[in-house]
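The values are calculated or read from the model by the stated rules, or taken from the named source; none is laboratory data. Quick caveat: nothing in here was measured; it's all calculated off a predicted structure. Cβ: placed from backbone, ideal geometry, glycine included. Neighbour counts: every protein chain shown.
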Amino acid sequence: MTRQELEHAIRAACDVAEDDAVYVFGSQAILGQFPDAPAALRRSAEVDMTPRTHPERVDAIDGALGALSPFHAAFGFYVHGVAIETALLPTGWERRTVEVRNENTRHNTGLCLEAHDLAASKLAAYREKDRDFVRVLLVEGLISPRKLITRVRRLPLSADRIGRLLMWIDVTARELRSDGA
């Protein structure tokens, strides 16, 4: 996905939801803060969104713009309308979102997760692809281990799970330092 495609998705989702803003989460939210993010972070053809003031319209977005929809067939990417509550997010994430709003969004707003909040959310899911995504963020210097640790501590998880995530960050950061990354 490209930044222009993200902007198109914001515009389309706002139109479908009859809302002027959407929350953008999942991996492609990285394009809010880093429009030229490395290709390894932009592999997904899917962007997760929830309308800000009409969250009940996620199904309308998914139906009109989702996987295998005419939108997907026409543009090669799709919008997954999904409740933001499905993501585990650090406390205060709303204050740190990165706004994407311009002529291409028709002045609608995409409120994209900030990179450290996104990385913490990805680690909370703890799938291999999510850990790989966070590893690339660290290698590319788009997030700092120290700030990621702070955000992970703000996740709504048990102390045991947070401890495992902190250990992963520590081990990964050490590996990257020893590899010269």
Assess whether ARG96 counts as being within 26 Å of ILE149 (Cβ to Cβ) and in the same structural domain as ARG146 (by TED's automatic domain parsing).
-> no
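Among the residues of region 151-158, are any closer than 27 Å to GLN4 by Cα and either among the charged types (D, E, K, R) or in a helix (DSSP H, G or I) (or both)?
No: zero hits.
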If ILE30 passes every condition in (1) of a type in the set (Val, Ile, Thr); (2) out of contact with any Leu (no Cβ under 6 Å at 6 or more places or on another chain); (3) under 22 Å from GLU94 (Cβ atoms) but one, which one does it miss?
-> (2)
Those residues that are surrounded by 24 or more Cβ atoms within 10 Å (Cβ to Cβ) and in a loop (DSSP other than H, G, I, E, B), I need them from region 95-141; list them, please.
-> LEU113
Which of the residues that make up region 123-173 are closer than 16 Å to LEU41 by Cα and β-branched (Val, Ile, Thr)?
-> VAL134, VAL136, VAL139, ILE143
Got at least one residue in region 32-42 being within 15 Å of ASN108 (Cβ to Cβ), surrounded by 20 or more Cβ atoms within 10 Å (Cβ to Cβ) and small (Gly, Ala, Ser)?
-> yes
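Can you pull out every residue in region 1-35 that is of a type in the set (Asp, Glu) and within 15 Å of the chain's Cα centre (by Cα)?
Correct list: GLU5, GLU7.
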